[in-house]
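A short write-up of the structure that comes next.
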Amino acid sequence: MSTMLEDSTAYDRQQDSYAINNGVARTPQMGWNNWNSLGCDVSQDLLLDTAKVLLDSGLRDVGYQYVVLDDCWQSERGADGYIRHDEKKFPNGMKYVADMIHDMGMLYGMYSSAGEMTCAKFEGSLDHEVEDATTYASWDVDYLKYDNCYHMGRFGTPKLSFDRFNAMAKALNATDRPIVYSLCNWGEDYVHTWGMSIANSWRVSGDIYDHFNRPDTLCSCTNPADPHCVAPGTHCSVMNIINKVAPYVDRGAPGGWNDLDMLEVGLGGMSDDEYIVHFSMWCALKSTLLIGADLRKLTPKTLAILNNPAVIAVSQDPLGRSALRVRQDLNVKKDKYGQGEVQIWSGPLYPHDQLLILLNAADEELTITTNLDEIFVHEGPEGSAPQVKLEYTVHDLWADRMDERQAKKILAGDLYKHRKEWYNSTQTSYREGLDNNDERLLGKQVGSLTPQKPELSVSVPRHSLKMYRLRPQGGATTRYALHKQEL
Ligand code: GAL
């Protein structure tokens, strides 16, 4: 028989919001957001034209489902407390946009801020959470990015921020519409310790910018535990964000993810190799994956990064476990910014595979060497992990990148002809594809590792990476199974 106390606890729990169980974002959410390339230049045409590109280029099929409108869509809040949209930018209203996007088989996202104003100084949602959540639900919105500007001083401790963001979580849950809830408080107030209780993702950094590793005073917080870190800011480079999240990247799990910020791939500030690093790491670290480029100007090269199913299968992996860093070597050639390092990342993939990334952020080409002991160090140090006793085939996940000619044909309107080669995750989920050993998800076999020959040594060009899926050969492979085998 349950006691009164137990009953009231159960009641409180129901009243609380546990967005991590709201059924959405079981894998990191994928889509597009206008902010990185277009800022406030938003309109109905932009959203609908972009949705069409996602569809026609096959990007929707590989997983980019959410078309997310960022700041600057609002006009005034009415005397009734309800927010109005800008009628010039969205002449048919927001529900019309949602309907059109839904008709194309995609989902629709919007933006607000847990403040009296948004960052671009439009109406925020602070203390209007219920009206705004109700409005979004009535527009059939599927995703809310919720920012952190102008919060009227209600921050500075995890509890203050938690309460402010929880107000919207509760309001969204009360609508009964499954809405992805994406916090954007830039890593403040240790959001990586509480974000997963109420949200489907949480930003861990100030805004990204289109540079690989240049330090910028506007992005002051390299270490979020630094008590003097008062301004997560903007202009955070790809390497800055990777280093920031490295110590707590394991906090993501199905339903709630670290958000390393939107992709810069295709904006033009980085080399092709650097964009591959950026994209691969966002997949390996299980970040949300929102394209930031203006897709109306999508180039074949950019398409052939964003659509690699073998790499996206890492992002959408059913285990939902981030790769972890197993090595950071700072003793390498530095560039003009004083930056340079080598990193090795490793982590489990469904069903019993292992991801391995050799990242060369040094200012020169390098040979990077690792071995099974290091790759599985998080399963047991000094070669004590059971996995080091197995044999693996090694598969390069970038070897089958779509060639530019084919990408060009697709952008010219030829997708239909390429349907067979195309991975369509709307028909076959990544899990099913992996269960079927679909070659498009497995990359190209380039070698093997065995307990007798446990070492891998590869030349990695400057500012690039090698990304491998290791597949154990034959029989029991999980740690648990191995232990049972030994008994
Ligand atoms: C920032 C946010 C950006 C973008 C911008 C809009 O705070 O981090 O991603 O949403 O506001 O004003």
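A few notes on this one:
- CD proxy at 222 nm, helix term only [per DSSP H run n ≥ 4: -39500 (n - 2.57); per residue of the chain; nearest 500]: -8000 deg cm²/dmol
- Per-residue Cβ neighbour counts within 10 Å put 408, 145, 297 in the sequence 297, 408, 145, beginning with the fewest.
- For segment 258-311, alpha-carbon Rg over 2.2 N^0.38 Å: 1.03
- Ordering 392, 337, 181 by the number of other Cβ atoms within 10 Å of each residue's own Cβ, fewest first, gives 337, 392, 181.
- Unit charges on C-beta of K, R, D, E only; dipole of the chain, Debye: 980 debye
- Mean shadow area of segment 388-464, taken as a quarter of the surface of its Cα convex hull (nm²): 7.6 nm²
- The chain: angle of helix 129-138 to the longest principal axis, Cα-based, in degrees nearest 10: 80 degrees
- The charge dipole of segment 267-337, taken about the Cα centre with unit charges on the Cβ atoms of Lys, Arg (+1) and Asp, Glu (-1), comes to about 140 debye, rounded to the nearest 20.
- Of the chymotrypsin sites (Phe, Trp or Tyr not before Pro) found in segment 41-90, the ones in coil according to DSSP and having at most 13 other Cβ atoms within 10 Å of their Cβ are 82.
- Relative contact order, whole percent, for the chain stands at 14, derived from Cα pairs under 8 Å and 6 or more residues apart.
- Computed FRET value (nearest 0.05) for residue 41 with residue 367, which takes r as the C-beta separation and R₀ as 56 Å: 0.80
- Lysines with Cα under 18 Å of residue 286, excluding same-chain neighbours fewer than 8 positions away: 145, 244, 466
- Based on every Cα atom in segment 20-129, Rg and the maximum pairwise Cα distance Dmax equal 14.6, 44 Å.
- Applying 1/(1 + (r/R0)^6) with R0 = 22 Å to the Cβ-Cβ distance of residue 403 and residue 273 gives a FRET efficiency near 0.85.
- Surface/4 of the Cα convex hull for the chain, nm²: 25.9 nm²
- Antiparallel DSSP beta bridges within the chain, as percent of all bridges there, nearest 5: 60 percent
- Close amide H contacts of residue 123 (hydrogens built in the peptide plane, cut-off under 5 Å, sequence separation of 5 or more or a different chain): 118.
- Ignoring lysines fewer than eight residues from residue 159 along the same chain, the ones with Cα atoms less than 16 angstrom from its Cα are 170.
- Dipole of segment 392-453 [Lys/Arg +1, Asp/Glu -1 at C-beta], most positive-end residue of 394, 436, 426: 426
- The residue among 407, 459, 122 whose Cα reaches farthest toward the positive pole of the charge dipole of the chain, with charges on the beta-carbon of Lys, Arg, Asp and Glu, is 459.
- Taking 288, 27 and counting other C-beta atoms within 10 Å, the order from fewest to most: 27, 288
- Residues with amide H under 5 Å from that of residue 66, placed H, sequence gap 5 or more: 30, 31, 32, 107
- If R0 is taken as 60 Å, the Cβ-Cβ distance between residue 436 and residue 152 corresponds to a FRET efficiency of 0.70.
- Two-site label geometry, residue 49 and residue 246: point separation in nm, points 7 Å out along Cα→Cβ: 4.1 nm
Only the coordinates and a few stated rules stand behind these numbers; no lab work does. None of these values were measured; they are calculated from a predicted model. Every residue, glycine among them, receives a Cβ derived from its backbone with ideal geometry; neighbour counts consider all protein chains shown.
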